[in-house]
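Visitor: Take a look at the following structure, please.
Readers should treat all values here as calculations from the given coordinates under stated rules, not as data from a laboratory. All values derive from a computational prediction rather than experimental measurement. Cβ placement follows ideal geometry from the backbone for every residue including glycine, while neighbour counts extend to all protein chains displayed.
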Amino acid sequence: MSASGIPVRWRFFSVIFILSFLSYLLRQHFPVAGEFMMKELVISELQMGWIYGAFFWGYLVFQIPGGILGKRFGPRLTLLVAGTVWILTCLLFALLPGRLETSIAGTVALLIAIRVAMGAAHAPIYPVQAASVERWFPVGQWALPNAVSSTGLSLGAALAAPIFTVVILQWGWRASFLVFVPIGFLFFSVWWWYARNSPREHPSMGAEELATIEANRTNLTQDVGYGAWRQLLGHRETLLLAAAYFTHNFVFYSFATWFFHYLVNVLGFSIIESGMLAAAPWLLGAVAATMGGWVCDTLCGRLGPNLGCRIPAMTGLIGTGLFLYLGLYSPSPYVAVALLSLCYAFTQFAEGSFWSAQIHLAGPYSAPACGLMNTGGSVSGIIVGPLMPFLALKIGWVAALSTGTLVAFLGAVLWLFIRVDRPFQPRPREGAVAL
């Protein structure tokens, strides 16, 4: 226990919480900026859908490499490098679009390229975070910190629309990207100063807290060498988790990408009112995420990790599908917002269970394993960006978004086959050295 009375592990994790908050403040301000960018740069909904989706190409491709780098070089350096790219892409978004290229096609291509780079910069955050949770928190207490991180991202997303609606109306969409340059520089300077790769390296870590963190680890997956991460590509439970996380994020990214647009163009709210209402799902999600993490850790302690992770995950996915359908087909715009906010809250209730399950399964290989799981989730982001406006042209926005109900129910079924009590057991290679 530190002199302040707050365990060092939670003080360290508070920095990751802020990173999660800033990550989604940036990510979720883009759909708001996008409404203004489409008008100024003469970009169609479908073209903007491809630009939204481009983020996930970079995010997808660098999930596993980001996790591998996190294991090889540690969270401290990995996230510093990612942060440098993050700051650079914000600067490029503010300065370049519409000023160098001479055609709409050139503008779209430039925006796609920068979005890919921005996605790559964000890719290591959550796999590396999960690995940090595995290292810094006691066995069986992994869902709550991951869920608290989801609370951070939900709060960042909740504030994005109301804050940047005002910023953009006053100073333009380019200014909204410039804001993140000094904020990013300040945060990653603090990260490099305070973060450490393991609790043993932190100067404030006491012997009693360290003993608590390192207890009961003999039955977990053992580290048999850096290269053993490749065996995760054939690990049944990790692949099933990746498939289930695809279904979860199909609905999650529908909100992240198109909810603000849906409020303005389908439900008929003004830009200012949409900026306020768009915060509702994220605020409910912030509460539900922490609640779901606590429930998962509590059930894992009482029922074991298999049921402890499965019950809140399935509850969340079933609730997601149910409230998505009810919200989309509600005759009242305000009731629709309330029901859709509950839908998003249920996605966040399930969130911590996914990450806790993967950490239980992979242990010291949590960074690449969570990168693989999050790859499944990122595929949905690539699909949702262009798919929803395409379907909306054919069958309307309500029917297009309601496909998420079936996908969420499929995810609940997949959880019946995931066995969290069957951890990854890598085969050691001759001469391998644990890193």
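Visitor: Anything in the chain that counts as a DSSP H helix reaching 20 Å or more along its axis (C-alpha) with Kyte-Doolittle mean of at least -0.5? List them, would you?
Guide: Sorted by number, the helices that extend far enough and score high enough are 8-41, 45-61, 75-95, 104-122, 143-171, 180-194, 236-265, 279-303, 305-328, 333-362, 366-395, 397-414.
Visitor: Using only the Cα atoms of region 143-240, what do you get for the radius of gyration and for Dmax, in Å?
Guide: Every Cα atom of region 143-240 included, Rg and Dmax give 20.6, 58 Å.
Visitor: Would you list the P(r) distribution for region 1-160, with all Cα-Cα distances sorted into 5 Å bins from 0 and each bin expressed as a whole %?
Guide: Percent of pairs per bin, in order: 2, 9, 16, 19, 18, 13, 9, 6, 4, 2, 1, 0, 0.
Visitor: Still on this model: Rounded to the nearest 0.05, what FRET efficiency is calculated for ARG72 and ARG419 with R0 set to 30 Å and r the Cβ-Cβ distance?
Guide: Values: r = 29 Å, r/R0 = 0.96.
The pair ARG72/ARG419 has a calculated efficiency of 0.55.
Visitor: Report, please, the projected area of region 263-350 averaged over directions, based on the convex hull of its C-alpha atoms, in nm².
Guide: Working: hull surface 21.7 nm².
Answer in nm², one decimal: 5.4.
Visitor: Kindly provide the Kirkwood hydrodynamic radius of region 292-435 in Å, to one decimal, from all pairs of distinct alpha carbon atoms.
Guide: Kirkwood radius, region 292-435: 16.9 Å.
Visitor: Could you pull out which residues in region 255-274 have an amide N less than 20 Å from a spot 7 Å beyond the Cα of SER332, following the Cα-Cβ vector?
Guide: Hits in region 255-274 for SER332 at 20 Å: 263-264, 266-270, 273-274.
Visitor: Which residue, SER20, SER356, SER402, has the most motion in a Gaussian network model of the chain that connects Cα atoms within less than 10 Å?
Guide: SER402
Visitor: Taking the square root of 5 times each eigenvalue of the Cα gyration tensor, what semi-axes in Å does the equivalent ellipsoid of region 359-408 have, largest first? List each step's numbers first, then the result.
Guide: Values: eigenvalues 212, 24, 4 Å².
Gyration-tensor ellipsoid for region 359-408: 33, 11, 4 Å.
Visitor: Looking at region 176-229 from every direction and averaging, what is the projected area of its Cα convex hull in nm²? Could you put the intermediate results ahead of the total?
Guide: Details: hull surface 26.9 nm².
It is 6.7 nm².
Visitor: Using only the alpha carbons of region 219-263, determine the length spanned along each of the three principal axes and report them from longest to shortest in whole angstroms.
Guide: The Cα atoms of region 219-263 stretch 51, 20, 18 Å along their principal axes.
Visitor: Compute the Rg to Rh ratio over the chain from the alpha carbon atoms, using the Kirkwood formula for Rh, and round to two decimal places. Numbers along the way, then the final one.
Guide: Values: Rg = 21.0 Å, Rh = 21.7 Å.
Checking Rg against Rh, the ratio lands at 0.96.
Visitor: Which of the listed residues, LEU169, PHE390, ILE16, is farthest toward the dipole's positive end in the chain, when Lys, Arg count +1 and Asp, Glu count -1 at the beta-carbon?
Guide: It is ILE16.
Visitor: If I histogram all Cα-Cα distances within region 211-368 using bins 5 Å wide from 0, what percent of pairs lands in each bin?
Guide: Percent of pairs per bin, in order: 2, 9, 15, 18, 15, 12, 10, 8, 5, 3, 2, 0.
Visitor: Continuing with the same structure: Whole number please: convex hull volume per residue, Cα atoms of region 1-85, in Å³.
Guide: Cα convex hull per residue, to the nearest whole number: 121 Å³.
Visitor: What ranking do 384-395, 195-206 get when scored by the average of other Cβ atoms within 10 Å per residue, highest first?
Guide: Numbers: 384-395: 18.5, 195-206: 15.9.
Answer by packing, highest mean first, reads 384-395, 195-206.
Visitor: When Lys and Arg each count +1 and Asp and Glu each count -1, what net charge do the other residues less than 13 Å away from HIS202, Cβ to Cβ, add up to?
Guide: On the way: positive: ARG9, ARG11, ARG76, ARG135, ARG196, ARG200; negative: GLU201, GLU209.
Here the count lands on +4.
Visitor: How do the peptides 143-150, 269-276 rank, highest first, by the average count of neighbouring beta carbon atoms within 10 Å per residue?
Guide: Numbers: 143-150: 27.8, 269-276: 16.9.
Ranked from most to least packed, the peptides come out as 143-150, 269-276.
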